[in-house]
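Enquirer: Input: one structure, supplied below.
Laboratory data are not the source of any read-out in this text; all were calculated from the coordinates shown. Nothing here was measured: the structure is a model prediction, and the numbers come from that model. Note: ideal-geometry Cβ built from the backbone for every residue, glycine included; neighbour counts use all protein chains shown.
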Amino acid sequence: MNQIYLDYNSTTPVSNTVLERMLPYFTEKFGNASSHTHSQGWIARKAVETATSNITKHLGIDDSELVFTSGSTESINLAIKGVFEKYQQKGKHFITTQIEHKAVLDSFQAIEKKGAEVTYLRVNKEGQIDLSELEKNLRSDTVLVSIMLANNETGIINDIQRVAELVHRNNSIFMSDITQVVGKQMIDINGLGIDLAPISAHKFYGPKGIGALYVRRRGPRVSLEEQMSGGGHQRERRSGTLNVPGIIGLSEAFNYSKSYDISFIKEIRDCFENELKRSFDIQIVGESMDRLPNTSQVIFNGIKAEKLISKCPGLCLSSGSACTSANPEPSHVLLGMGYLKEEALGAIRFSFGKFNQLREVKKIIEQLKTGIDQII
Ligand code: PLP
């Protein structure tokens, strides 16, 4: 059966142009970028330098502000745990929201076990924090505030510039998880006032297992305690042999993201949402908000998402809920936004991408109709 892939926020296929540029670095140009004594090492080092400059040009940052990692989960761990360990003198208080990605929430839980105090801000039904509540919670010992730029389940984009201003006025560090935004729209890291930001290649047609952490060095510089020891690579922020093909792939993914027009993906998403509203009893989460152009979080009222997904084998979908044994857990994002447990259990995330087509919308709606007819 020809399946329709609707889970691009989870991961994307590697684009052919990205793959082609990576391949020589597995075989004939296989050198270790840290080998200084022979040409294989120099070739690898040069390739890494060129790729780094390309990535930093796209992000408007300095080459020295990029630390390569295995992806956003590692970048987030490095940022939160690295700052916690480095800034013990300043304090142990941290602030985040209840609807961050699990990599952020679990990293905060890990430092809580080591004595950190973390404030988890509430959000409203539109996924927004109350700025006055942030202001009230900022303290002289607040080291870092972490608020994502766009939510991976709902696609809602936060106005983080105001947040960054408040955080900086308090002399605290501001991290924003930009993982879902990179490759989908331009991000002005400096203009937004971000000090730390994780990125991940597989979210925008690059390979899995490579990402980076942006670490501010201009203006008030951010320091980190490295979490991976051994050799002092990358200015002692992350040791380990560089993943040269991955770094080439990350750089090429940035080029690829500029090579096509994302507005056609928004057109498919919008057409899909209009058809859905005509056909089913649904709610679109954050419909009136600024959202990622490819994402639609839909609550099917009175329906269990896991069941509906199982009745639609022709669609690759994500419910946003984590399956623990037989019982799916409702999404912490929707619960955090104030949706009821039954509503959260009825949520499916549709995330469109480069290889979807407008004519697929009709097929998706038909399959959902068939699925729902089998359930009710
Ligand atoms: N942060 C957000 C917002 C994400 O969507 C994801 C991936 O789902 C991650 C972090 C983790 O990224 P990675 O798969 O690169 O570890």
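Enquirer: Please enumerate, by chain and number, the lysines with C-alpha under 18 Å from the C-alpha of residue 46, excluding those fewer than 8 residues away in the same chain.
Expert: 29, 57
Enquirer: Treat each spin label as a single point 7 Å out from the Cα along the C-beta direction, and report the residue 316 to residue 114 distance in nm.
Expert: Rounded to a tenth, the inter-label distance reads 3.7 nm.
Enquirer: Also, I was wondering about something else. Considering the Cα positions of the stretch 190-238, please state its Rg to one decimal place and its Dmax as a whole number of Å.
Expert: Every Cα atom of the stretch 190-238 included, Rg and Dmax give 12.8, 35 Å.
Enquirer: Could you work out the percent of alpha carbon pairs in the chain separated by over 32 Å, rounded to a whole number? If you can, show how the numbers build up before the last one.
Expert: Numbers: 25512 of 70500 pairs.
Across the chain, Cα pairs with separations above 32 Å total 36 percent.
Enquirer: Remind me, relative contact order of the stretch 198-309 in percent, using alpha carbon pairs under 8 angstrom and six or more residues apart? Show your work: numbers first, answer last.
Expert: Details: 103 pairs, mean separation 20.8, N = 112.
Averaging sequence separation for qualifying contacts and normalising by length gives 19 percent for the stretch 198-309.
Enquirer: What does the helix-only formula give at 222 nm for the chain: each DSSP H stretch with n ≥ 4 adding -39500 (n - 2.57), the total divided by the residues, and the result rounded to the nearest 500 deg cm²/dmol? List each step's numbers first, then the result.
Expert: On the way: 14 runs with 141 residues, N = 376.
That comes out to -11000 deg cm²/dmol.
Enquirer: Under a cut-off of 22 Å between alpha-carbon atoms, report the lysines in cross-link reach of residue 136, not counting same-chain residues fewer than 8 places apart.
Expert: 90, 92, 125
Enquirer: In Å, what Rg and Dmax follow from the Cα atoms of the stretch 258-372?
Expert: When restricted to the Cα atoms of the stretch 258-372, Rg and Dmax are 14.1, 43 Å.
Enquirer: Then there's this: Which of the aspartates and glutamates could a cross-linker bridge to residue 113, judged by Cα under 20 Å and excluding same-chain residues fewer than eight apart?
Expert: In chain and number order, the partners are 74, 85, 100, 141, 225, 226.
Enquirer: Still on this model: Between residue 362 and residue 288, what is the label-to-label distance in nm when each label sits 7 Å out along the Cα-to-Cβ direction?
Expert: Label at residue 362, label at residue 288, 3.4 nm between them.
Enquirer: Would you work out the relative contact order for the chain, in percent, from Cα pairs under 8 angstrom that are 6 or more residues apart?
Expert: On the way: 732 pairs, mean separation 87.3, N = 376.
It rounds to 23 percent for the chain.
Enquirer: At q = 0.13, 0.16, 0.29 Å⁻¹, what log₁₀ I(q)/I(0) does the stretch 163-221 have when each alpha carbon counts as one equal point scatterer in the Debye sum?
Expert: -0.37, -0.53, -1.23
Enquirer: What number, in percent, do you get for the relative contact order of the stretch 77-182 if the mean sequence gap of Cα pairs under 8 Å and at least 6 apart is divided by its residue count?
Expert: Working: 151 pairs, mean separation 30.2, N = 106.
Relative contact order comes out at 28 percent.
Enquirer: Take peptides 357-364, 334-341 and line them up by average Cβ neighbours within 10 Å, highest first, as a rough protection proxy.
Expert: My ranking of the peptides, most packed first, is 334-341, 357-364.
Enquirer: Take the cross-link list 304/369; 102/258; 102/277; 203/369; 311/363 and give me the ones stretching past 19 Å between alpha-carbons.
Expert: Working: 304/369 14 Å; 102/258 29 Å; 102/277 31 Å; 203/369 29 Å; 311/363 14 Å.
Long pairs (Cα-Cα over 19 Å): 102/258; 102/277; 203/369.
Enquirer: 7 Å from Cα along Cα→Cβ at both residue 34 and residue 161: what's the point-to-point distance in nm?
Expert: The modelled label-to-label distance comes out at 4.1 nm.
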